[in-house]
Amino acid sequence: MQAVPLLLFLLLAFSAPTGNAAEAQIEKRVWKVDGVERTALVYAPQSATKVATPRVFAFHGHGGTMNYAACTFAYHILWPDALVVYMQGLPTPSAFVEPRRPSADPR
């Protein structure tokens, strides 16, 4: 059973189109949501204003970045007809990435 996900990954990795045509169309966008500035990298195909377009929201793991997600996931290259949004996560503490200090710390 474990061979199937690995095979799927290899097929996608080696069948992805080469070149940077799709990458050139990625734009950084900024929004205010409940007073908090949110940032994302957005890939929108030219057809998105004319026809119904699939949407993909790609979320990186804790401690990651939208830039790293766009480079490694590359959904905009694998599916160039989809509108792809790589959101930047919020800087929140985590027991694994940023362990809290002893209880005397007021954080």
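The values are calculated or read from the model by the stated rules, or taken from the named source; none is laboratory data. On a predicted model such as this, the values are computed, not experimentally measured, just so you know. With ideal geometry, Cβ positions are generated from the backbone for all residues, glycine too; neighbour counts draw on all protein chains shown.
Applying the criterion of being modelled with pLDDT of 70 or more and β-branched (Val, Ile, Thr) to the residues of region 84-99, the residue that is surrounded by the most Cβ atoms within 10 Å (Cβ to Cβ) is VAL84. Within region 31-77, the residues that satisfy the criterion of being assigned to a strand (DSSP E or B) and within 24 Å of PRO93 (Cβ to Cβ) are TRP31, LYS32, VAL33, VAL36, GLU37, ARG38, THR39, ALA40, PHE57, ALA58, PHE59. Just a yes or no: is a residue in region 15-27 in a helix (DSSP H, G or I), loosely packed, with under 13 Cβ neighbours inside 10 Å and at pLDDT below 95? The answer is yes; a qualifying residue exists. Within region 48-83, restricting attention to residues that are of a type in the set (Ser, Thr, Tyr) and modelled with pLDDT of 90 or more, the residue that is nearest to ASP34 (Cα to Cα) is THR65.
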